Structures are given as structure tokens and as C-alpha cells.
1. On full extension of the chain, what length is gained from I318 through K236, given 0.36 nm per residue of separation minus the C-alpha to C-alpha distance?
2. Among V347, G295, S393, which residue has its Cα positioned farthest towards the positive end of the charge dipole of segment 295-394, with +1 placed on the Cβ of Lys and Arg, -1 on the Cβ of Asp and Glu, and the dipole taken about the Cα centre?
3. Any of K90/K358; K90/K198; K193/K266; K198/K293 with alpha carbons more than 28 Å apart? Name them for me.
4. First select every other residue whose beta carbon is under 10 angstrom from the beta carbon of Y249; then total the charges, Lys and Arg +1, Asp and Glu -1.
5. Could you calculate the contour length gain from A309 to E381, that is, 0.36 nm times the residue separation minus the distance between their Cα atoms, to one decimal place in nm?
6. Can you give me the long-range amide H partners of I76? Hydrogens built in the peptide plane at 1.01 Å from N, cutoff under 5 Å, separation of 5 or more residues or another chain.
7. Mind ranking 170-176, 106-112, 270-276 by how tightly packed they are, going by the mean number of other C-beta atoms within 10 angstrom, highest first?
8. When you count, for each residue, the other Cβ atoms within 10 Å and take the mean per peptide, how do 326-334, 213-221, 114-122 rank with the highest first?
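Just so you know, all these numbers are worked out from the coordinates, no wet-lab data involved. As the structure is a prediction and not an experimental result, all values here were calculated from the model. Every residue, glycine as well, gets a Cβ built from its backbone with ideal geometry; the counts of neighbours run over all protein chains shown.
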Amino acid sequence: MNRSSNSVIVILALSSFIIGCSDEAKHKETAEKARHSTTTAQEMANHAAHEMSGHAEGETPPSAIKPCTDCATDEIGRKADDLPPPIDRKESQLVTVDLYTDELVAEMMPEVTYQYWTYNGKVPGPFIRARAGDQIEIRLSHGKPGAVHQDHDEHTSTQHTAAGHSAHSIDLHAVIGPGGGAPLTQVGQGEEKRFRFKATRPGVYVYHCSSPHAPTHIANGMYGMILVEPEQGLAKVDREFYVMQGDFYTSGKYGDKGLQAFSKEKLLDENPEYFLFNGRVNSLSGDRALKAKVGQKLRLFVGVGSHIAANFHIVGEIFDNLYPEGAIMSPPLRNVQTTIIAPGSAVMIEFTAEVPGKYLLVDHSLTRSFDKGAMAELIVEGPERSEFYQPVSH
């Protein structure tokens, strides 16, 4: 971290959002969480390129997902192109995945902040990629490794329990076995646990936290996606993207300013204030939009991490190939307009960018998009294709 480039946002007042903390402790905690840091373009490229790696059986592999210890907490959303490249090997290997849990305050939309619970400091968690036949070793730590000032240190174990994050875990839907790995990965403060499983079923799967109260952990952002590629690999495309929709339950209404507390009452009523792609409002818009060129073949992995089904649609596009429920070994549906994605499920979508322009990714229950945040952008650049799309003069 370049400490000389850091700036500290001093929070003058906090509500009693964090149970059991003194006013002084809460002030110190929030100021630390709001600390900005800079990451060079090369560091970002290295992080994206090396989040996953494979190793032959018997080798001692380095970490496959590198903890991003200098990531600024003011950006919670994972970029859509932050996923490992397709697998080009033909043999099975040991794939290691290093994950840490982190509760941090970040911006949900301008002037609105929230305490997210995360894997590796982003929502969604890292995209895990493996091949059928691989052994996958999950290494889960409670808290960011090497962090000097962790918010956990200012709370007792009793207060952690009251707040609901005294333990974290991971349940991977790609695992065949009780709890999907969750019984083997219940980690308390400062602990690390590991387990291995064999990836036997190709598909696109969701993973999430499964510690009490599991719905709360998930609603606060603890979810991600794991892809098990078939042995022969996937068909070649030009660009791939990673998008997950989540529903968030804040004490205030949509757009209410300030630090928003989690509302368990709204969660139990299934009444979220926000529907978000990749963690925050406009996480995948503007400079962070999905980007492609005319003629490129695109593949989207789209999932629902939390509790309410999505009605995923791209305005002005038709999906050439849709693999519903993550069933990538089944024949695809063709020429699909909108797909329903169940909670805890994912789909794979493929299409060719044919006409330049800006395309909106939405939940076609459209109030969720226009009034509650579930909107992203795909920017397609290139020459006009008048055979597809053109105005007609009178």
C-alpha cells in the first residue's frame, strides 16, 4: 500500500449499528474502514490473472487466489471482467483457492454506506474456475490475513455472536457431500480451515456462507460463483463476464443517506430495499461497464447470490445460447429473450455483439432496475450494421 497517497475520512458520528462498541471504538473502526488506498494498474492485472491456478497432484501449490491486502474499502463491487481465463489443459490438477472473510463499510450508492460481509473484500466473492476431475482445496480464513487493524479486534466473542459474524464458512453447490463443505469450514476469529473435494459434475454453481444465521450472511454479500468446466473445455469466445444479482435489506429506504444498518425484519419479510448487480448501484456502469466490439462472441455467467429470483434480460439483445440452471452439459436453449434465475443458481449465456451501442442489463421486474438499482451497461463499439438496425426517414 502507498501510505503517502492514503487519505483518511473522519467519521464524526455513528449510530449504534455495531452492537456493543463504545463511541470511541466505533469512531476508530469506521475511520479505519474508510481509509482509501491506491492500486496500480499492474497490481490489478496481476490480481485478476492469478486469482486461480492449477497444480499437478503431489505439488505444493502457491495460493491460487491472492488476498488483496491493499484493496480500498470504498469500492465493494467486483468488476465483471474480473474472472480467470478459460482452462486450456487436458489433465486433472490440484487447484487451491485462498479465501478470507471481511466485514467492511463501503459505498452502496453516493452518500449511502453499508457494512458488507464479504469473501476477499468484494461482492461477489472471487470467481472460482476448475475442470472436471480436478481436486479443489478450499482454504478459508476468518479475517484478512496480515491485517494489522481488524475490526474483530475491538469486539469480544460475545459481541461477535450478537452481531452474527462470530463464525463464517462456505457451502459450494459444486460439492457432493453434507453441507457442501460448510461443516468443515466453520471458522472463528483468526482461524483458518481447509478441505478438498473432487469436481465431478461440470456446471455453473453458486457458493455462499452457511453459518448461523445463514440468510443474514448471504444477504450481506457472502456469495460467489464456481465454474466446473467439462474435460474438453468450453467453446472459445472473445470476452467473458461475471455478474451476480443480490438483494439487500437496509433499515432506511432506497437512497436514504448515511450508514445503513441491516434490517433482519425486512429480510424475514422478503422486502429488500436494493436489488444490485455486483454489490452496489452502478457497479457495472460507466467506466465499469461490460465492454465489447462488434463481431465478438460474448459469454456471461450470471447468478443470484441471495434470496429473490431474478428475471435477467439485456435490452436490445437476444441470447444465442442459454444454459439454464448452470446445466452446461445440456443442449442450450436458443434465441431467448429473458431468463429466470432462481436464488442460489446461475446460468451461462452466449451471444455475438452485432450492433454497436449501449445495452442495459436489467431485472425485467423493472421497478427493481429503475427504482432499486438492478441495472448495468454493456457498451459495444464498432462500425454500424445497417442490415440489423437503422432509422427510417419519412
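1. 27.6 nm
2. The residue sitting farthest along the positive end of the dipole is V347.
3. K90/K358; K193/K266; K198/K293
4. Values: positive: K264, K266; negative: D247, E265, D269, E270, E273.
My count for the surroundings of Y249 gives -3.
5. Stretched fully, the A309-E381 segment lengthens by 22.8 nm.
6. E107
7. With the highest mean Cβ count within 10 Å placed first, the list reads 170-176, 270-276, 106-112.
8. Per-residue mean Cβ counts within 10 Å order the peptides as 114-122, 213-221, 326-334.
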